[in-house]
Amino acid sequence: MSLQVVSAVSNSSLLQPGFSLLNFDGHVFFFGQKGWPKRSCPTGVFLLDIKQNELKMKPATFSKDSCYLPPLRYPALCTLRGNAESDEYQYIIHGGKTPNNDLSDKIYIMSLVSKNSKKTTFQCIEKDLGGDVPEARYGHTINVVHSQGKSMSVIFGGRSYTPLAQRTTEKWNSVVDCLPSVFLVDFEFGCCTSYILPELQDGLSFHVSVARNDTIYILGGHSLQNNTRSPSLYKLKVDLPLGSPAVTCTILPGGISVSSAIVTQTSDTEFVLVGGYQSDNQKRLVCNTIVLEDNKIEIVERASPDWTPDIKHCRMWFGCDMGKGSVLLGIPGANKQLNSDANYFYILRCKEEDKEEELTAPICSQTSTEDPGDSTPFEDSEEFCFSAEANTFDVDDSDTYNEDDEEDESETGYWITCCASCNIDINTWVPFYSTELNKPAMILCSSGTGHWVHAQCMDLSESMLLRLSEANVKYFCNEHVDLNKGLQTPKKVVHLKKQPMKPLRKKTTMKLTTPAKKSFLRRLFE
C-alpha cells in the first residue's frame, strides 16, 4: 500500500466534503458541489483531470431531454447494469442535501450519451416511483441485487429531519435516524416496497455496504439515538421469485465498530476497508481485507500504509473509494478548519500493480460522510463520497474550469461571515424570524459598494426588519453606521401647500330717500 500526494489547482474550493464521483468508462466525473452551480458549469458536473499529480476540472453538459439535477451532497449512489454481464451501466442517485440544506427524496438515473476530447454529454432522468417511497434522507446506501434473472435496488439507513409536527424553534433543523426499514425498488415497474425486519432494531447512517449477487452485507454505521457505532455485521438476502420478493436478515459475528469507513474492491471477491472513526475522538488507522465467497464473508486485518504525520495528527479525515484498489483521502490544511479551501489530498493504492490499469466502476455502495452538528467532533467531517478512480486524461487545458473566472459564491451566499461577531453557521443555524424557513434573513448595507449582513447578527427586531424591507431607505450595518451618519438619506419632509385666503365681501347698503322709500314699500306690498 502506498500514498501519493495530489494537488488541487485553482479549484480547491469546489473540493469540499459531500461530493460524489461517477466513473464512466474509466473517466471520473465530479458531482454535488456545496453551492448552486454557476454559469461556467450550470450542470454542476465536472470531468476530473489528474495530470502530474495535479487535479483540474472540465465542465460537462446535459442532453436536451434531461431533467434538472440539483447539486446533491451525501446522496446514495450505485451502478445499474442491464444484466450481470453487461459492460454498459448507469448511475442511480437517491436522496442527498441541496444547497438550501433541504433533503431530497427523488431518484435519478444518469447515463453517458457521448464523450470526446472537448465535450461530455450526459442524460439525466428523474424516475417516478409509487408504493412505499423512501422519505428524504442522506448518509444512506443503495445497492443492486440480482436473483433469478431479475434485478432490484435496495435502500437502507440514513438520516432525515425531524418531522414537521415535532419541530420546535430551537431544534428546527435537527436530524434523526431514519427507521431501520429495507426498501426494494423495482425500476422496471417503478414501485417500492418496504420491509421491517426484527433483526434491524436501530437506524444506521454512514455505514458500509457491499453487494454480491443476491446478498448485501452491512458493516458498521453510526446511530444518533444511541450515539454508538454498531459492532454488528448484517447479511441481507433478497429472493426475487415470480411472486412477491422475500427479504431475510441474519446477524453474523465478526463485525467492526466503525463509521464513515471506506471500502474499495481489489478483485472479484476481495475488498479493502480503510479509514473511518472507531470512537467519537479517535480515527481508525487500521485496514482490513474483506473476502466474499459462496455466501460467506471473512474479515481479517491487513498491513496498514505508512501514514504521514499530517494524517496521524489531523483532527479529521475524509475520502472514498476510487475503484479497483485505490482510495482518495483528504485532510484539512494548516488552519484545520472544515470550510477551508486548503485541503490536502492523497491517493492510497492498495495494489501497486494496479497503478496504471484502467479501472471499472465498483459494485460496492458506501457513504463516507458524517454530518456536522449531528454528532461529535470526529463525526462532523462531512467526508465526501468518492466512488471511482481518477485517471490521467488528455484534456485540453483551455477548456479546464477555472473558479477564478466566477464570482466567489462564498462571499455572496447566505452562509458568509458577515461581521466579526457573526455566529451564523450552516450546520447549526435554526430560524430566528417567523419569515425564515431554510436560510437566514439578510439585509444590504449601503456602505461603499455594499455588502450583505445577517439581520440576526445586527440585532434587528422582526418589526424593524419588516419596516426596512418595505421602506425605500438606505441601511448601514453596525460597523458602518457611525461612519456613514452624514451620508444617510434624510427623511423627505412633506410641505403642506397653503391656500390663499379669499378677501371678505363688503356689505353694500342702499340709501333711499323718503319719497323713494315710500314708493319702494308700496310696490313691495302690492
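See the values below:
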{"item": "Yes/no for residue 209 being at pLDDT 90 or above and either of a type in the set (D, E, K, R) or part of a loop (DSSP other than H, G, I, E, B) (or both)", "result": "no"}
{"item": "Flag if residue 158 is modelled with pLDDT of 90 or more and either in the same structural domain as residue 234 (by the TED database) or not aliphatic (A, V, I, L, M) (or both)", "result": "yes"}
{"item": "Count of residues meeting criterion [open to solvent by 40 Å² or more (accessible area, probe 1.4 Å) and among the β-branched types (Val, Ile, Thr)] in region 171-197", "result": "3"}
{"item": "Lone unmet requirement of (1) open to solvent by 40 Å² or more (accessible area, probe 1.4 Å); (2) assigned to a strand (DSSP E or B); (3) among the acidic types (Asp, Glu) for residue 105", "result": "(2)"}
{"item": "All positions within region 109-122 that are under 18 Å from residue 44 (Cβ atoms), open to solvent by 10 Å² or more (accessible area, probe 1.4 Å) and in contact with a strand residue (DSSP E or B) (Cβ under 6 Å, 6 or more places away or on another chain)", "result": "109, 111, 112, 113, 121"}
{"item": "Top-ranked residue in region 135-146 [being under 18 Å from the mean Cα position of the chain (by Cα) and not aliphatic (A, V, I, L, M); ranked as nearest to residue 92 (Cα to Cα)]", "result": "141"}
{"item": "Residue among 492, 474 that is at pLDDT below 70 and either over 23 Å from residue 174 (Cβ atoms) or among the hydroxyl-bearing types (Ser, Thr, Tyr) (or both)", "result": "492"}
{"item": "Sole residue being of a type outside the set (Gly, Ala, Ser) and either at pLDDT 80 or above or in the same structural domain as residue 78 (by the TED database) (or both), chosen from 366, 337", "result": "337"}
{"item": "Some residue of region 147-157 being out of contact with any strand residue (DSSP E or B) (no Cβ under 6 Å at 6 or more places or on another chain) and farther than 24 Å from residue 236 by Cα", "result": "no"}
{"item": "Residue in region 61-71 that is part of a strand (DSSP E or B) and among the polar types (S, T, N, Q) present", "result": "yes"}
{"item": "Hits in region 18-32 - residues which are open to solvent by 10 Å² or more (accessible area, probe 1.4 Å) and under 22 Å from residue 330 (Cβ atoms)", "result": "27"}
{"item": "Search result, residues across region 53-73 that are closer than 14 Å to residue 106 by Cβ and surrounded by fewer than 19 Cβ atoms within 10 Å (Cβ to Cβ)", "result": "67, 68, 70"}
{"item": "Test: residue in region 300-314 that is out of contact with any strand residue (DSSP E or B) (no Cβ under 9 Å at 6 or more places or on another chain), assigned by the TED database to the domain that holds residue 78 and either in contact (Cβ under 8 Å) with a residue 12 or more places away in the chain or open to solvent by 10 Å² or more (accessible area, probe 1.4 Å) (or both)", "result": "yes"}
{"item": "Strands (runs of 3 or more DSSP E) lying entirely in region 228-317 (those with 2 or more residues that are in contact with a Phe, Trp or Tyr (Cβ under 8 Å, 6 or more places away or on another chain))", "result": "233-239, 246-252, 262-265, 277-279, 287-293"}
{"item": "Output for region 155-170, where each listed residue is of a type in the set (Val, Ile, Thr), in contact (Cβ under 8 Å) with a residue 40 or more places away in the chain and either more than 19 Å from residue 106 (Cβ to Cβ) or surrounded by fewer than 24 Cβ atoms within 10 Å (Cβ to Cβ) (or both)", "result": "169"}
{"item": "Qualifying residue in region 256-263 (condition: crowded, with 16+ Cβ neighbours inside 10 Å, touching a helix residue (DSSP H, G or I) at 6+ places or on another chain (Cβ under 9 Å) and small (Gly, Ala, Ser))", "result": "yes"}
{"item": "The one condition in (1) in contact with a Gly (Cβ under 9 Å, 6 or more places away or on another chain); (2) of a type outside the set (Phe, Trp, Tyr); (3) open to solvent by 10 Å² or more (accessible area, probe 1.4 Å) that residue 222 fails to fulfil", "result": "(3)"}
{"item": "Options 142, 125: the member that is open to solvent by 70 Å² or more (accessible area, probe 1.4 Å), within 30 Å of residue 58 (Cα to Cα) and in a strand (DSSP E or B)", "result": "125"}
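The values are calculated or read from the model by the stated rules, or taken from the named source; none is laboratory data. Since we're looking at a predicted model, the values are computed, not measured. Methodologically, a virtual Cβ is constructed for each residue, glycine included, from the backbone with ideal geometry; neighbour enumeration extends over all protein chains shown. These accessible areas exclude ligands, DNA and RNA; they are computed on the full protein's heavy atoms, side chains included. Shrake-Rupley method; radii C 1.70, N 1.55, O 1.52, S 1.80 Å.
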